[in-house]
Structure formats: C-alpha cells, structure tokens
Ligand code: ADP
Ligand code: MG
C-alpha cells in the first residue's frame, strides 16, 4: 500500500508542516491511515499524527473526519467529554501524492490492548465501571449535543490515558503515562541529535509499551496465566476514529459497524440511529468484564455469518419479537414469516446471567447487577434501548465491588479454549 494513492512512508526524524512536527515512532494504522507519534516543537508536547492515504476517496474521508472532529472540538472547548481532540490539520506532499494529516492529542493503548494485557481474564468490575462512565459521557455528548453517531465503536477505537499518581508508583507513572512531558532543557532536532535522557526515556517507553501490549507474551499451548494487577491505575479513556461517524440526519452507509459490535437492525437493514452505538457499547462492556467477545459469529455449513450472528443474539437474549424479525429490508433472507430463522432451526438458549455465573464465575449478585445494566441496552427494539444520558443515571455505575472476591480472582480458574 506504500504506492501512489496509498500510505506515506515515514522515517523517524521526518519533519512535517514546515518542521513543526517531528516523527518519532509508529503508533498504529488502519485501513486508511498510518498514525505516528510526533513531537510538536511549537507546544513542546508529543502528539499523534494521523497520515491519510493520498487517493481521492481517502482524502474525501479525511476531510469528513476533520469536519466531525472540528465540531467535536467546538462543542467542548474544555476537552472534558472523553473524545479525542483535534489539534491541527494540514496537507503533506510526498512521493505517493498529497496526504491529509490530522494532529491529535496523544493517547495511550487501546482497550483491545488492555484486554490482551490482562490476558483475556476480564477486568475487575470497578475498572469496567470507570471505563463505561467515560464512554457514556462521550456518547451522550456526541448523540445529544452534536447529533453524531460514531458507528464503529469497538475496543480498538477507545484509547486509554493513564493518570497514575507518581508518588505511589514512580516507575509505572514514567513508563505508562502516554503524554510524555519532555525533560527540562531537552532539545530535539530530528532523530539524530536526541540527548541521552531522551534516549533513555524512549527505551523505557518502548519497553513499557511492549509489556502492556502483551507483545512479549509467549503464544499458545500454555497454562492460563493469572490476570495482571492493574491496581492503582486510574483508568480513563477517550473515543477515537471518527472516519465512519455520521450525523443522524445525514447517513451515508447501510452497512455500518465492525461485525462483532453490529446491532441487529443493521444486519436486517431496518434503519438505524444513535442506539446502534448503545448496542456496541454493551458488547464492549461485556468484553471488558469477561475478556471474551459477546458475539463472535462465523459462517457455518448451510448458514451465513449474518444468520449465525442473529442466532447468537437470540440464544443469549431470547427470541427476537416477530415484528422486528420480519421488519427489515433483508429479513426475508434470514427469517420465515413466523419470525423463525430459516436455516438455523434449533437454538441453544443460555441467558446472560447464567452464562456470567457458570462460564465466567461471577457471583450471583455481580451477575444480576451487571445484567440489569446490560440487558436494556441489548433490546432488539432499538427505540427501547436507553440513551447514553439515561444510562449514566444507572445505579450499577456507582456500585463498588469489594476487591477480594471479584470475578478476576475467580477467572483465574477459567480455561480459555
Ligand atoms: P483508522 O481510521 O485508519 O482506523 P484510527 O484513527 O483508528 O485510524 O487510528 C489507527 C490506530 O492508531 C489506532 O487503533 C491506535 O492504535 C492509533 N491511534 C490513533 N489515534 C491515536 C492517538 N490520538 N493517540 C495514540 N494512538 C492513536
Ligand atoms: Mg480505527
């Protein structure tokens, strides 16, 4: 993809925007872009530089993303809504064409990396609550104040920013705090003249990232490892990636959302609105608490991925009301006129609360309380799902599990297949 119309190849030390930003290391990439850690010589801070592929359709998408990010910025000048902040944008011309670049505040690892770091054990429920609150504040802001649907909410698109008390944990605060304040007096003129402190800091940061991302974990064939301890880390996160976001009154795509986080009305093509984000949010909360995806559909013999997906939702949540099942543009592909799946006849019902207790070793109380929070969000009828604003009032968010016998401890016995 590093050819005409594609990605822009970056080397450490490359200058951008007439030398204001200096590339440091690659942070990640998506279908449309590569994202680099860069040093902003004007504000003396690290930033994330998202460099879009250059072809016309990618430039178009980037312009749209910039428009969305600008309205997010304008509506929240104090940057308190847990949505990524756009700092700057510009065009950069390279051998593969002209690339739109977005300068974003620099955030940490994604929730996907956090789940991996925690060895797919599920996070302590108090941590899940903290993350849920941030995401709900972000969704309430996007939905109610801006009229924006994210349409691609998933663990990869929610990034952490740690606030660790350095007095309590000096090592980790230095290693994990993603906004690496520059050491006093340090200079940076590209990759070559970095001073010793700078190099040390970088090495420590690299090691930390490798550790927290679990990239050094030996893979496969081993006894399950206990979850890692995340004590003392105040966990906060922000929603990123507005490449697919849309205004509720200006929707472009019928097929939205990443498969596992896709709401049933999108599969059935019955029209969608803000409540598709609430469905994805519930899937993410479940995944954080258990370490497993809530729905991981697969194509099988005689049925499609869509059909498996619909079957999985019904096995967990009960039968879809007939009216909803037959009400979408694609309903006839999956359901007969009674509202039964045509090609998957026998469903194995396993209600959510039983699953949490039996498979994930939740206490009866934890399971009941979590299900009271989650199940309204997973209503087959999109209008019945609570809004982010209503969800923020839910008592579950303010409960406190005692640290001792959490699902994390019990989860140590859980075998992953
Ligand atoms: P795409 O639209 O191509 O999927 P994203 O905006 O999701 O691009 O960014 C791709 C990846 O880059 C993310 O999954 C994340 O790993 C990293 N990333 C994006 N934005 C930031 C940021 N502000 N700070 C740190 N890393 C980021
Ligand atoms: Mg992405």
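Values quoted throughout were computed directly from the atomic coordinates according to the rules given, and no laboratory measurement underlies them. Note that the structure is a prediction, hence the values are computed from the model and not measured. Reconstructed Cβ throughout: ideal geometry from the backbone, glycine too, with neighbour counts over all protein chains shown.
What the table shows:
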item	result
Peptide ranges 384-397, 286-299 listed from the most packed, as the mean C-beta count within 10 angstrom indicates	286-299, 384-397
For the range 8-86: relative contact order, % (alpha-carbon pairs under 8 angstrom, 6 or more apart)	18
Ratio of the Cα radius of gyration of the range 1-132 to 2.2 N^0.38 Å, where N counts its residues	1.16
Sequence-separation-based contact order of the range 279-336, relative, with Cα cut under 8 Å and 6+ spacing, percent	17
Length released on extending from residue 31 to residue 144, taking residue separation times 0.36 nm less the Cα-Cα span	37.8 nm
Average silhouette area of the range 263-417, convex hull of alpha-carbon atoms, in square nanometres	9.6
Extended-chain gain in nm, criterion 0.36 nm per residue less alpha-carbon gap, residue 259 and residue 299	13.2 nm
Neighbour-count order for 266, 12, 135, fewest beta carbons within 10 angstrom listed first	12, 266, 135
Relative contact order, percent, the range 47-117 [alpha-carbon distance under 8 Å, six or more residues apart]	41
FRET efficiency estimate (nearest 0.05) - Cβ-Cβ, residue 70 to residue 346, R0 60 angstrom	0.70
